[in-house]
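Report on the structure given below.
The values are calculated or read from the model by the stated rules, or taken from the named source; none is laboratory data. Values in this document were obtained by computation on a predicted structure and should not be read as measured data. In this analysis, Cβ positions are derived from the backbone assuming ideal geometry, glycine residues included, and neighbour counts consider all displayed protein chains.
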Amino acid sequence: MTDQMPTTSGSMLGRTLPASAVAELAASFAGRLVQPGDSDYDQQRAVFNGMIDRRPALIARCTGDADVVAAVNFARSQELLVAVRAGGHSVPGYGVCDGGMVIDVAPMKGVWVDEDTGVVRAQAGLTWGEFDRETQLVGLATTGGRQTSTGVAGQTLGSGSGWLERKFGLTCDNLVAAKLVTADGEIVRADETQNQDLLWGLRGGGGNFGVVTSLQLRLHPVGPMVTGGMMVWPRARAGEVLRFWRDYVETASDDFGSAPAFLTAPPAPFVPEHLQGRPAFGLIVCCAGSPEDGEALVKPFREFSPDVDMVQPMPYTVVQSLIDEATPHGLHNYWKAENLPGLSDEAIDTIIHTVAGMTSPLSMVIVEPKGRAISRVGDGDSALGGRDAAHTLYCFSMWADPAESETHVAWTRSLMQTLAPFTMPGVSLNFTSDQQEAKARESFGSAEKNRRLTALKDCYDPTNFFRLNQNIRPSGPA
Ligand SMILES: Cc1cc2nc3c(=O)[nH]c(=O)nc-3n(C[C@H](O)[C@H](O)[C@H](O)COP(=O)(O)OP(=O)(O)OC[C@H]3O[C@@H](n4cnc5c(N)ncnc54)[C@H](O)[C@@H]3O)c2cc1C
C-alpha cells in the first residue's frame, strides 16, 4: 500500500459474476445477497468514511456462521477479492472493495451476558452502542469504543481503545475467546485452552486470520452511573490546562479516563456565544468508579473555570455516545495517530502552534493518556505493540466538501510531520488512513513478534485471502 490520496472512485472493474453461481449461493444462504442494480446497493456499499466510494460485485449480508462459511467458499471458488465488514468504521475503508465481495457480518447481533463468569459472548455484527446496552443492564462493561456505531469486532481485533483502558486494559486485552471462519471455510475456535497462538494473534493482529463470527470478552463492574462529560475553554487556555492535565494523569487513579481535545466550538445551545465557531480546547472525561469518586477526580479541573462545564453524573451509555454527534457517518475523513513517549513542554507548545493551522472546523486533535493497565500486559503477550507509550496523539480530519480533500489531507500529514520528533514507533493502526506494510510491522513491534505473526498467517491464511486489513503477508507466494 502506498501513501497516496486515500480516495477511490468506484468502477465495477468489469467483473460480472455468473448468475448460476450466485443462484447456487443464494440457495444455501439465509441472509441477503446484494448486487449492483438492487435498490439498496448504494446504501449497503456505503461505509463510515465518505471518501471511500467502492463498488463490490456482491455484498453477502450474513445472518450466522453458516452464511459466513458459504460466503467464504463462494469468494474462494470465484477468486474474488474479499472485504470483511462489521461496523464499517475502518477509515481506510477496508470494509468494502471494488469488484470483489463484501462479507458483511453486521446482521449478526446475538449477545449473551453471563453474570456468573463475567464474560459476554457477542456475535461479530454488534456495535458498541448495542453491546453496552446489554451489558449495562447488569452494570457490566468492557473497554469499548467511544462512538456507538463502531463495530465491536473490528475494534477488538485491531487493539481497542476506550475510556476504561487505563483500568481494564484495551479491548483486545479482554478478548478471552473467538470463533472464526478461515480462508478454506473451516470453523476454528481460539481460547486459553485451544489454539492459544491464534488467540494471541487476534489480540491486535486485525482481520488477518479469518472472519470472526463471535467474540467472548471479559466484563467488569462499571456504572450504570458514572461521572462524565466535557469541559471547554477558549483555545488560549490550552497550554496551562494541558500542562496541568499531563502532570495530573501521572498520579490520578486508573479510574480517570480523559482526553484533551483541540476543536472548534460548535454553534450549540450549550456553548456560550463568545465561543461558538471559535478555536477551543476541551477535556472529555469518563470516571470508571462511583459518581462521587469521579466528582473528586474532576474537581481540580474546575479550578481552571471552564467556560462550559457539562461534567456530571450520567449513565455510562451516555458518556459512550458523547462524540457521536461530532462524528457523523458520511463525512470525508482522513486520520492519523502516533504514540508519544511523554509530553514535554516543547511538545505541548509545538502541538498548540501546529493545531492553530487546522484547516477544517470539523476536525479534532486529541491526546489520550496510555500506560497503566495497557502497559501491565507484557509486550510479548499479544500481537499488539506500543504498550510502553505514555500518550497517543490523534488527528481526526473531517470535512464535508470533497473539493477540499487535498487541503485537509495535506494539513493532516504536515501536522504529523511537524510532530514527528516527539513521537515513537508502535501506534495501533485502527486510527490511521495510510497503512504501509512497514507501518504495520512497526506497530506489532519486535522482529520475534512479526515472525510469530507471519507463522500464524502461513498457518491460517497462506494465500493472503484476507488482505484488506493491516496486512501481515504470508511468507510464500500469495
Ligand atoms: C467515529 C469513529 C470512532 C472510533 N472510535 C474508536 C475508539 O474509541 N476506540 C478504538 O479503538 N477505535 C475507534 N475507532 C477505530 C475503529 O476501532 C476501527 O476503525 C475499527 O477497524 C472499526 O471496526 P468496524 O468493525 O467498525 O469496521 P469495519 O470497517 O467493518 O472493519 C474494519 C476491518 O476490521 C476487520 N474486521 C471487522 N470485522 C471483522 C470480523 N468479523 N472478522 C475479521 N475481521 C474483521 C477487517 O479487516 C475489516 O476490514 C473509531 C472509528 C471511527 C470511524
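Structural remarks
One line per residue, one yes/no per condition, for (1) β-branched (V, I, T); (2) modelled with pLDDT under 95; (3) buried (at least 18 other Cβ atoms within 10 Å of the Cβ):
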position	(1), (2), (3)
F256	no, no, yes
G282	no, no, yes
E303	no, no, no
V319	yes, no, yes
L322	no, no, yes
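- Answer residue from region 164-195, given it is in a helix (DSSP H, G or I) and under 13 Å from the mean Cα position of the chain (by Cα) and is nearest to the ligand (Cβ to nearest atom) among those: T171
- In the set (1) crowded, with 20+ Cβ neighbours inside 10 Å; (2) in a helix (DSSP H, G or I), K336 fails one condition alone, (2).
- Within the option set S149, S161, being surrounded by fewer than 24 Cβ atoms within 10 Å (Cβ to Cβ), within 9 Å of the ligand (Cβ to nearest atom) and either on the phi < 0 side of the Ramachandran plot or outside any helix (DSSP H, G or I) (or both) holds for one residue only, S149.
- For region 229-243, the set of residues classified as in a helix (DSSP H, G or I) and within 26 Å of the chain's Cα centre (by Cα) consists of L242 only.
- Identity of the residue in region 429-440, in a helix (DSSP H, G or I) and touching a residue at least 24 places away in the same chain (Cβ under 8 Å), that ends up farthest from the ligand (Cβ to nearest atom): E437
- Filtering region 203-234 to residues that are more than 16 Å from the ligand (Cβ to nearest atom) and either more than 22 Å from S321 (Cα to Cα) or free of Cβ contacts under 8 Å to residues at least 12 places away in the same chain (or both) leaves only P234.
- Single unsatisfied condition, M314 versus (1) assigned to a strand (DSSP E or B); (2) touching a Ser or Thr at 6+ places or on another chain (Cβ under 6 Å): (2)
- Figure legend. Inter-residue proximity from region 257-274: first residues farther than 19 Å from C395 by Cβ, second residues part of a loop (DSSP other than H, G, I, E, B), beta-carbon distance below 7 Å, spacing 6+ or different chains. Indicated pairs: G257/W163; G257/L164; G257/A288; P267/Q276; P267/G277; F270/M310; V271/A265; P272/D307.
- Across region 25-64, the qualifying residues are those that are assigned to a loop (DSSP other than H, G, I, E, B) and without any contact (Cβ under 8 Å) to a residue 12 or more places away in the chain, and the one among them that is nearest to the ligand (Cβ to nearest atom) is D40.
- The one condition in (1) more than 19 Å from P92 (Cβ to Cβ); (2) modelled with pLDDT under 95 that A403 fails to fulfil: (2)
- R372 vs. criteria surrounded by fewer than 20 Cβ atoms within 10 Å (Cβ to Cβ), within 24 Å of A280 (Cα to Cα) and among the basic types (K, R): no
- Verdict on D293 being surrounded by 15 or more Cβ atoms within 10 Å (Cβ to Cβ), of a type outside the set (K, R) and assigned to a helix (DSSP H, G or I): yes
- When each of G144, G129, G125, G95 is tested for being under 12 Å from the mean Cα position of the chain (by Cα) and within 12 Å of the ligand (Cβ to nearest atom), the lone residue that passes is G144.
- Qualifying residue in region 124-137 (condition: under 20 Å from V377 (Cβ atoms) and either part of a loop (DSSP other than H, G, I, E, B) or out of contact with any strand residue (DSSP E or B) (no Cβ under 6 Å at 6 or more places or on another chain) (or both)): no
For every residue, the table says whether it meets (1) away from the ligand (no atom under 14 Å from the Cβ); (2) modelled with pLDDT under 90; (3) part of a helix (DSSP H, G or I).
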| position | (1), (2), (3) |
| --- | --- |
| F396 | no, no, no |
| T407 | yes, no, yes |
| R413 | yes, no, yes |
| M416 | yes, no, yes |
| A420 | yes, no, yes |
| V427 | no, yes, no |
| E442 | yes, no, yes |
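- Tally, over region 450-478, of residues that are away from the ligand (no atom under 16 Å from the Cβ) and under 22 Å from the mean Cα position of the chain (by Cα): 1
- Residue in region 235-254 that is away from the ligand (no atom under 15 Å from the Cβ) and either at pLDDT below 95 or within 20 Å of A153 (Cα to Cα) (or both) present: no
- Residue match in region 326-345 (condition: among the aliphatic types (A, V, I, L, M), more than 17 Å from F431 (Cα to Cα) and within 13 Å of the ligand (Cβ to nearest atom)): no
- Here G371, G357 are screened, and the one residue that is in a loop (DSSP other than H, G, I, E, B) and either acidic (D, E) or on the phi > 0 side of the Ramachandran plot (or both) is G371.
- Check on D388, part of a loop (DSSP other than H, G, I, E, B), surrounded by fewer than 22 Cβ atoms within 10 Å (Cβ to Cβ) and more than 16 Å from the ligand (Cβ to nearest atom): yes
- Among (1) in contact (Cβ under 8 Å) with a residue 60 or more places away in the chain; (2) surrounded by 18 or more Cβ atoms within 10 Å (Cβ to Cβ) - the single one G110 does not satisfy: (2)
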